[in-house]
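Report on the structure given below.
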Amino acid sequence: MDARTVRRASLAALFGEWLLPSRSMKRRAWPAGLGLLYIALIGALGGLRADHVFIGLLGFLDLYNEKTRAFLAHFFPFILTGAIYDSMRYYYWPGIAGRVHVAEPHRLELSWFGLHGLTPNEWLDAHRSPVLDLACGFAYLVYVGEYLAIAFLLFFRRRFDVLRTFALSFLMVNLLGFATYFVYPAAPPWYVTAFGDGPARMDVHSVAAAASRFDLLLGTHFFDEMYGRGVDVYGAYPSLHVAYPLLAAWAAFRVPELRWVRVPAVCFFLLMCLSAVYLQHHYVIDVLLGVAYAAATAAIVAGLRAIHLRSLARGGDRRSTALPAGP
């Protein structure tokens, strides 16, 4: 059998593992039921869209075969994060009413990082560049895709140990960020530029800010569509845009097979730090908070997983010592 035939046989086996339903796997109803319950709940609350139905139907992956079940299990933290973020449209505005900080973040940024009486955002806005518009807009467009790409690489390289930590870190850093949106709602730089530092308006929608220049240059509408669904208008603290690529770079350094990703991942992280400020979505302080949140999350999740693995190992040792001695 030649090499080409072997490759074809291997590809056929691989696709068969994914495309053919399992005949031996024990089925369970609750993942699919949970997905249907999610669809029904959103339908009852109002605002059901096609993407909600798609997310809910992902629960049926658990019923199909071993590969799709494993995929759903490992990527469930990403799915859950999206569902939690989307749910904020039901309670975000009542949760922050009367507590939005507008002038304080701007004054703090100016005192810590001011340049000739301007915040770095204001200085960069006065020194615009089409090259930076394209580069920074691109970074903002694909930052979630970069994170998911690393997750897919880990999954298909069977580095499930790192993927579990990576996925849980994504969920945790988002939960910490979402909680901060309510604990300390902060107006982003674009809001101060557009409306001043007076009391926060509750009739403002999320906007693309300077990222709209990317669309103007290319004749596209990516950012209008992205930010048209956003609800966290006053979620400047922290910058999750920065947290994601930092966690992606961390994962690349954890896996020897991904050493070729390391330099691009670090460069993308640095570009994102610039983009968050250049595009008027975050202050430098927000970027530093995003870095701190990502570093703390990675350390906490990795530590918890290490404790869990040690506990499992100790349990295995106790069971082995409890076995009767052999002849």
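Among the listed residues Ser206, Ser212, which satisfies the condition of being of a type in the set (S, T, N, Q), more than 14 Å from the chain's Cα centre (by Cα) and part of a helix (DSSP H, G or I)? None of the other options fit; the residue is Ser212. Taking the criterion of being out of contact with any Ser or Thr (no Cβ under 9 Å at 6 or more places or on another chain) and modelled with pLDDT under 85, the only residue of region 216-233 that qualifies is Glu225. Taken over region 185-196, residues that are part of a helix (DSSP H, G or I) and open to solvent by less than 10 Å² (accessible area, probe 1.4 Å) amount to 2.
Is it fair to say Ala211 is in contact with a Gly (Cβ under 8 Å, 6 or more places away or on another chain), closer than 17 Å to His101 by Cβ and either modelled with pLDDT of 95 or more or exposed (fewer than 15 other Cβ atoms within 10 Å of the Cβ) (or both)? No, not satisfied.
Among the candidates Phe166, Phe182, the residue that is within 22 Å of Ile84 (Cβ to Cβ), open to solvent by less than 10 Å² (accessible area, probe 1.4 Å) and of a type in the set (A, V, I, L, M, F, W, C) is uniquely Phe166.
Scanning region 53-69 for residues that are surrounded by fewer than 18 Cβ atoms within 10 Å (Cβ to Cβ) and without any contact (Cβ under 8 Å) to a residue 40 or more places away in the chain, we see that the one that is farthest from Val173 (Cα to Cα) is Leu63.
With a requirement of 2 or more residues that are hydroxyl-bearing (Ser, Thr, Tyr), the helices (runs of 4 or more DSSP H) lying completely within region 33-103 that satisfy it span 66-87.
The values are calculated or read from the model by the stated rules, or taken from the named source; none is laboratory data. Remember, it's a predicted structure, so these values are computed and weren't measured experimentally. A quick note on method: Cβ atoms are made from the backbone with ideal geometry, for glycine too, and the neighbour counts reach across all protein chains shown. What goes into the accessible areas is simple: the full protein's heavy atoms, side chains included, and nothing from ligands, DNA or RNA. Shrake-Rupley method; radii C 1.70, N 1.55, O 1.52, S 1.80 Å.
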